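Peer 1: First the structure, which I've put down as structure tokens, then a few questions once you've had a look.
The values are calculated or read from the model by the stated rules, or taken from the named source; none is laboratory data. What you see is a predicted model, and the numbers here were worked out from it, not measured in a lab. Virtual Cβ from ideal backbone geometry, glycine too; neighbours counted across all protein chains shown. Heavy atoms of the whole protein, side chains included, go into the accessibility calculation; ligands, DNA and RNA do not. Shrake-Rupley method; radii C 1.70, N 1.55, O 1.52, S 1.80 Å.
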Amino acid sequence: MLNNITDCEEGEGGPNSQGDGNPKESSPFINSSAASDAEKSQQYDGKNMALFEEEMDTSPMVSSLLSSLANYSNLPTGSKEHEEEENNEEGARPSKKPVKAPQLGTLMGVYLPCIQNIFGVILFLRMTWMVGIGGVFGSFVIVFMCCSTTMLTAISMSAIATNGVVPAGGSYYMISRSLGPEFGGAVGICFYLGTTFAGAMYILGCIEILLIYIIPQAAIFKIEGLEGAEAEAALLNNMRVYGTIVLSLMALVVFVGVKYVNKLALLFLACVILSILAVYAGVIKTAIDPPVFPVCLLGNRTLLSKGYDVCAKVIEIDNETITTKLWRSFCDSESLNATCDEYFTNNNVTEIQGIPGVTSGILAENLFGNYLEKGVFLEKRGLASDVDPDSPITSSNRYVLSDITSFFTLLVGIYFPSVTGIMAGSNRSGDLRDAQKSIPIGTIAAITTTSTVYMSCVVLFGACIEGVVLKRQVRVSGNLVIGTLAWPSPWVIVFGSFFSTCGAGLQSLTGAPRLLQAISRDGIIPFLRVFGHGKANGEPTWALLLTASICEIGIIIASLDAVAPILSMFFLMCYMFVNLACALQTLLRTPNWRPRFKFYHWALSFLGMSLCLSLMFICSWYYAIVAMGIATCIYKYIEFCGAEKEWGDGIRGISLSAARFALMRLEEGPPHTKNWRPQILVLVSVDADQNVEQPRLLSLTNQLKAGKGLTIVGTAVQGTFLDNYTEAQRADQSLRKLMEMERVKGFSQVVISSNLRDATSHLIQVGGLGGLKHNTVMVSWPRNWKQPEYHQQFRNFIEVVRETTVASMALLVPKNISSYPSNGERFTEGHIDVWWIVHDGGMLMLLPFLLRQHKVWRKCKMRIFTVAQLDDNSIQMKKDLITFLYHLRIDAVVEVVELHDSDISVYTYEKTLIMEQRSQILKQMHLTKNEMEREIQSITDSSRGSIRRKNPSASRSQHSAEEGTSVAERPEEEAQLIHSKNASTPTSPTSPTSPAGPAGGAATWTDNRGADKGKNLFAASPESVKDLFNMKPNQSDVRRMHTAMRLNELIMKKSKEAKLVLLNMPGPPKNRVGNENYMEFLEVLTEGLNRVLLVRGGGREVITIYS
């Protein structure tokens, strides 16, 4: 990645551009070619910055960086954005219930139940009114649109229902298993509410027929003699009282014996079919002998039938003109000279035939709609009327007025419930002899039949009945309008509609509790689990009680026209998701999607879904928003609190497809600087019981996740895959549990290898997938690394540092991780101090910003320290740094600390000498004969081609080589004695005196192998042991120790009380020698600090000043 980050100040076509076609980033910071190698080497001359001289090729000093801020131009050249998908954890599959023995065929099992559920109260009570208000054309559009919606939904439902067995729950089961428990629960509850409110609508229709057409005298609140709002209020109160009584009786019947409801279903269906046949018979009869149905008009206004006995102003009896009841209604006396209503005086009374017949040609007059405001006169088209626009309206109670303000969307909302009920067949799939065949045929045939009836009724009503009669919503001359048309008697329609509404109400009160019970037993909505219980025979007692309570809400509303749009919303939402489920399954092409019903297509499903969504907002936009809000709340509740289910749903398939698409997009190129965020691989270790040893690493990870991004928590298990798979599973469960406890969103990964070093390397190499890979590694500082038993641990640690450097990954090393705050702690004050010594991409700036987004660190202030040497202008550096932070939109206090040249102290010299002596002694103690031979050969080969960067000493190399020519054995006791003697040398309290270091550890850190190979070779010879007391420390190591101690003094002086110190982490030795010395330098650098986060950049810019 370092090669991709170049300095392109001249643009993409500049001299430094790489012509491979990949997007590049211009940066004056990393790997800049502006400075020559000689200049870079000069930046590290002297003793102060010797600790970082290994980084000179890629990491410039901050002092040289700040001067180039004015020319910073990091333009987005092909930026790519991240797309992330998180999969739910797998849950247990619900067990399938045994299916009853199949008995029913297509006719009895699907077709007739669908017919019974589709035909209902709207056909008998509101269809004629809809034709009168909307016109034949408008009503036909409404019917066609609604029937098309249900037909498309039936096609989608048939595909889903024939893709396997659909147990109890019907549509809920189909949606939940296709779209997941969240959608299934939300839509299942909506379907349940729709079915419940449908029961309320059927009961209200039943009461309306009973009180208006069968026994009006049974009204508790008398309607006779009341007019306008008073009559309407009395009717609603009657419906509330009787509706509650009927609801209680129906609930009792359902509770006592559902079998009686099922036995009466055929009787109720027969009533519906007979009523429809009576309507068709009546239409045929009107062509031969139209029924006598006079309607009296004054001008073009329709008069109430109770306001007159004869449709005339006066009549002649025995050559004497006598005024009629109609005259007395509009005049102040019976005499011909009485003062009468102006409109009555100016207009004539005419009588027309209310049902002129199918051959009368009235269809042309009823073709187009006439939407009315509430209280407007019902007027006949084509008749003249003499009206004075300035005169006040009087005697309005003598005319027929519109009952409700009407508009197109209202008609859609009121009518749509009459096409619902298409799920009746799929709900009984377990009782069908051949569900794969019966459900599609029976459902589609039922919808075709009912749609044909509805469309033909629209045309026939418009062709047979006068417009002013159609527009009346309540009774005409004591009968239903459709009843007056029917043959042989209006009572066929009255009783047929009454029994059909009773039957439909009972069916709703029977089906809704079972649907709620199915949802409750799935356990996806915790607070509904109580409704999954019932009687010993499985009858849902508690669910029935809740259903009756919700149904009572619809009864209290009392208006059929107000309840109908409510249940339309819930049914439409259910149908919409059935279509969505079919479309998704088809497009995702899941292997299990093999429906027997072949006549479906994803485009039809999307069309049906679009129609459902459109109809929801056409019917009532505010009801639609409420219904969607309820569904959203249920969805979120299930998502956060519900039981986790894995049903192989389509949403999981969408997640997989979206994840694949996002990963393929990420493969197109690295993310732009603006989109960079730490994708962290957290390396943790586990104990013998597979428990995580450093849980605070995950706490720190959570606090860093304000930048979101990927998190992988990885660990290694030593052994073979076959023998240690169980331990790996336990370790994975332990990681998942800790991640859940620390609220870390991400993935866990456990690698089994015969060698822990290799396992860690594998995690770094193969973690992530495609373009969604980690770019940052977090590993804890090795504890007790100086103890002999931990020498392998710090060797592995240094290898991790090397591998992240080679892989261009950032590295975070928290030291004293146990002292870091947990997620529940809060710092009310304090500082996060950043010691910016070399610039390696901006990680030091980004990490404190991310930490301060978390509530643990939110109250901490940020301070940035940078180091100025003797030749630097510290005042200008501070100004430049403040400007840079201003452009970065980061608030921080800036301080430039001057680090002048100083002489190396005797203490530093002795500390370095003891460090090197201990390394040599430990090497003698641990090297085997074969290792010594390999070491001799390695150092001999490398020394021939080594080139010292600074102050080469050929004589010292020659002397070292001479020392290495004789290698003899030396008793281990003498080596231990020498070590003890050196350990007694006066040192500081923190001087490392305990033996440490891996086998093969060396005294040098860089390429000074030629100067020190003799030290590596005097393994145990008497001469070499004597030389331990006379050896001189390597000057390079002395300079590094001096840098570490001077920086530590400054950090302790400025940041001892800081809550967290972030510090550039020096690079590891480039060769395999000097590991122990490297650890010692880092130990000295961070000595005395409580919380330290050592940071190494990944070799690219991670922060930008541009928006």
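Peer 1: For residues that are in contact with a helix residue (DSSP H, G or I) (Cβ under 7 Å, 6 or more places away or on another chain) and not in a helix (DSSP H, G or I), scanning just the stretch 761-775, find the one that is most open to solvent (accessible area, probe 1.4 Å).
Peer 2: LEU769
Peer 1: Please go through the stretch 1038-1084 and give me each residue that is open to solvent by less than 10 Å² (accessible area, probe 1.4 Å) and in a loop (DSSP other than H, G, I, E, B), ordered by number.
Peer 2: The answer is MET1065, PRO1066, GLY1067, PRO1069, GLY1074.
Peer 1: Right, here's the next one. Here's a check for you: in the stretch 270-284, which residue that is out of contact with any Gly (no Cβ under 7 Å at 6 or more places or on another chain) and either acidic (Asp, Glu) or surrounded by fewer than 19 Cβ atoms within 10 Å (Cβ to Cβ) (or both) is farthest from ARG398 (Cα to Cα)?
Peer 2: ALA270
To keep it simple, each residue is scored yes or no on (1) buried (at least 18 other Cβ atoms within 10 Å of the Cβ); (2) within 40 Å of the chain's Cα centre (by Cα); (3) farther than 25 Å from PHE268 by Cα; (4) in contact (Cβ under 8 Å) with a residue 40 or more places away in the chain.
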{"residue": "LEU485", "(1), (2), (3), (4)": "yes, no, no, yes"}
{"residue": "VAL492", "(1), (2), (3), (4)": "yes, no, no, yes"}
{"residue": "GLY496", "(1), (2), (3), (4)": "yes, no, no, yes"}
{"residue": "SER500", "(1), (2), (3), (4)": "yes, no, no, yes"}
{"residue": "GLY505", "(1), (2), (3), (4)": "yes, yes, no, yes"}
{"residue": "SER508", "(1), (2), (3), (4)": "yes, yes, no, yes"}
{"residue": "ARG521", "(1), (2), (3), (4)": "yes, yes, yes, no"}
{"residue": "ILE524", "(1), (2), (3), (4)": "yes, yes, yes, yes"}
{"residue": "HIS533", "(1), (2), (3), (4)": "no, yes, yes, no"}
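Peer 1: List, please: which pairs have Cβ atoms under 7 Å, are six or more places apart or on different chains, and start with a residue in the stretch 187-209 that is open to solvent by 10 Å² or more (accessible area, probe 1.4 Å) and end with one that is of a type in the set (Ser, Thr, Tyr) and assigned to a helix (DSSP H, G or I)?
Peer 2: Once the first residue is open to solvent by 10 Å² or more (accessible area, probe 1.4 Å) and sits in the stretch 187-209, its partners that are of a type in the set (Ser, Thr, Tyr) and assigned to a helix (DSSP H, G or I) give PHE191/SER171; PHE191/TYR172; THR195/SER508; TYR202/THR501; TYR202/SER508.
Rundown of residues vs (1) under 17 Å from ILE832 (Cβ atoms); (2) in contact with a strand residue (DSSP E or B) (Cβ under 7 Å, 6 or more places away or on another chain); (3) modelled with pLDDT under 75, yes/no style:
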position	(1), (2), (3)
ARG1046	no, no, no
GLU1049	no, no, no
LYS1053	no, no, no
ASN1071	no, no, yes
GLY1074	no, no, yes
MET1079	no, no, no
LEU1089	yes, yes, no
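So that you can scan it fast, the table gives a plain yes or no per residue for (1) among the hydroxyl-bearing types (Ser, Thr, Tyr); (2) out of contact with any Leu (no Cβ under 7 Å at 6 or more places or on another chain); (3) open to solvent by 10 Å² or more (accessible area, probe 1.4 Å); (4) under 26 Å from VAL744 (Cβ atoms):
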residue: GLU825; (1), (2), (3), (4): no, yes, yes, yes
residue: VAL856; (1), (2), (3), (4): no, yes, no, yes
residue: THR866; (1), (2), (3), (4): yes, no, no, no
residue: ASP871; (1), (2), (3), (4): no, yes, yes, no
residue: LEU885; (1), (2), (3), (4): no, yes, no, no
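Peer 1: Consider the stretch 225-247. How many of its residues are assigned to a helix (DSSP H, G or I), open to solvent by 70 Å² or more (accessible area, probe 1.4 Å) and of a type in the set (Gly, Ala, Ser)?
Peer 2: Result for the stretch 225-247: 1.
Peer 1: Now, a different point. When you look at PHE377, is it within 60 Å of the chain's Cα centre (by Cα), under 30 Å from ILE482 (Cβ atoms) and not β-branched (Val, Ile, Thr), yes or no?
Peer 2: yes
Peer 1: Which of the helices (runs of 4 or more DSSP H) contained wholly in the stretch 378-476 include at least 1 residues that are out of contact with any Ser or Thr (no Cβ under 7 Å at 6 or more places or on another chain) and open to solvent by 40 Å² or more (accessible area, probe 1.4 Å)?
Peer 2: It comes to 408-415, 424-427, 435-464.
Peer 1: Shifting gears a bit: Residue pairs, Cβ under 9 Å, 6 or more apart or interchain, first in the stretch 863-881 and within 21 Å of GLY842 (Cβ to Cβ) and of a type in the set (D, E, K, R), second open to solvent by 20 Å² or more (accessible area, probe 1.4 Å) and not in a helix (DSSP H, G or I). List them.
Peer 2: Close Cβ pairs satisfying both conditions: ARG863/HIS831; ARG863/ALA892; ARG863/VAL893; ARG863/GLU895; ASP872/VAL896; ASP872/GLU898; LYS878/GLU895; LYS878/VAL896.
Peer 1: Hey, another quick one. From the residues in the stretch 459-489 that are of a type in the set (A, V, I, L, M) and modelled with pLDDT under 85, which one is nearest to GLU351 (Cα to Cα)?
Peer 2: VAL476
Peer 1: Just checking, how many residues over the stretch 233-263 are modelled with pLDDT under 80 and not aliphatic (A, V, I, L, M)?
Peer 2: 5
Peer 1: In the stretch 120-146, what residues are within 40 Å of the chain's Cα centre (by Cα), open to solvent by less than 10 Å² (accessible area, probe 1.4 Å) and modelled with pLDDT of 85 or more?
Peer 2: ILE142, VAL143, CYS146
Peer 1: Within the stretch 315-355, how many residues turn out to be surrounded by 15 or more Cβ atoms within 10 Å (Cβ to Cβ), part of a strand (DSSP E or B) and not hydroxyl-bearing (Ser, Thr, Tyr)?
Peer 2: Residues in the stretch 315-355 being surrounded by 15 or more Cβ atoms within 10 Å (Cβ to Cβ), part of a strand (DSSP E or B) and not hydroxyl-bearing (Ser, Thr, Tyr): 5 in total.
Peer 1: Continuing with the same structure: Output yes when any residue across the stretch 156-179 is under 30 Å from ALA445 (Cα atoms), at pLDDT 90 or above and buried (at least 22 other Cβ atoms within 10 Å of the Cβ), and no when none is.
Peer 2: yes
Peer 1: Here are the criteria: (1) closer than 18 Å to VAL400 by Cβ; (2) of a type outside the set (Gly, Ala, Ser); (3) in contact with a Leu (Cβ under 7 Å, 6 or more places away or on another chain). Tell me which single one LYS313 does not satisfy.
Peer 2: Of everything listed in (1) closer than 18 Å to VAL400 by Cβ; (2) of a type outside the set (Gly, Ala, Ser); (3) in contact with a Leu (Cβ under 7 Å, 6 or more places away or on another chain), LYS313 misses just condition (1).
Peer 1: Only one residue in GLU898, GLU910 is farther than 30 Å from MET809 by Cβ, of a type in the set (Asp, Glu) and either modelled with pLDDT under 65 or touching a Phe, Trp or Tyr at 6+ places or on another chain (Cβ under 6 Å) (or both), so which one is that?
Peer 2: That would be GLU910, the only listed residue that is farther than 30 Å from MET809 by Cβ, of a type in the set (Asp, Glu) and either modelled with pLDDT under 65 or touching a Phe, Trp or Tyr at 6+ places or on another chain (Cβ under 6 Å) (or both).
Peer 1: Name the residues in the stretch 615-630 that are surrounded by 16 or more Cβ atoms within 10 Å (Cβ to Cβ), hydroxyl-bearing (Ser, Thr, Tyr) and over 17 Å from VAL187 (Cα atoms), would you?
Peer 2: SER620
Peer 1: Within 25 Å of the chain's Cα centre (by Cα), closer than 23 Å to SER753 by Cβ, not acidic (Asp, Glu) and not in a strand (DSSP E or B): does that describe LEU698? Explain how you work it out, then say what you get.
Peer 2: Numbers: within 25 Å of the chain's Cα centre (by Cα): yes; closer than 23 Å to SER753 by Cβ: yes; not acidic (Asp, Glu): yes; not in a strand (DSSP E or B): yes.
Answer is yes for this residue.
Peer 1: So ARG757 fits all but one of (1) basic (Lys, Arg); (2) at negative phi; (3) open to solvent by 70 Å² or more (accessible area, probe 1.4 Å); what number is the exception?
Peer 2: For ARG757, the exception is condition (3).
Peer 1: Also: Which numbered condition trips up LYS815, out of (1) among the basic types (Lys, Arg); (2) open to solvent by less than 20 Å² (accessible area, probe 1.4 Å); (3) within 29 Å of the chain's Cα centre (by Cα)?
Peer 2: (3)
Peer 1: What pairs come up if the first residue lies in the stretch 600-621 and is within 22 Å of ILE444 (Cβ to Cβ), the second is open to solvent by 70 Å² or more (accessible area, probe 1.4 Å) and assigned to a helix (DSSP H, G or I), and their beta carbons are under 7 Å apart, counting only those six or more places apart or on different chains?
Peer 2: The qualifying pairs are TRP602/LEU587.
Peer 1: Mind checking which residues of the stretch 366-398 are in contact (Cβ under 8 Å) with a residue 60 or more places away in the chain and among the hydrophobic types (A, V, I, L, M, F, W, C)?
Peer 2: Within the stretch 366-398, LEU367, PHE368, LEU372, PHE377, LEU378, LEU383, ALA384, VAL387 qualify.
Peer 1: Taking the stated definitions as given, is VAL261 open to solvent by less than 10 Å² (accessible area, probe 1.4 Å), within 24 Å of GLY462 (Cα to Cα) and in contact with a helix residue (DSSP H, G or I) (Cβ under 6 Å, 6 or more places away or on another chain)? First the steps, then the outcome.
Peer 2: Details: open to solvent by less than 10 Å² (accessible area, probe 1.4 Å): yes; within 24 Å of GLY462 (Cα to Cα): no; in contact with a helix residue (DSSP H, G or I) (Cβ under 6 Å, 6 or more places away or on another chain): yes.
When the stated conditions are applied, VAL261 does not pass them.
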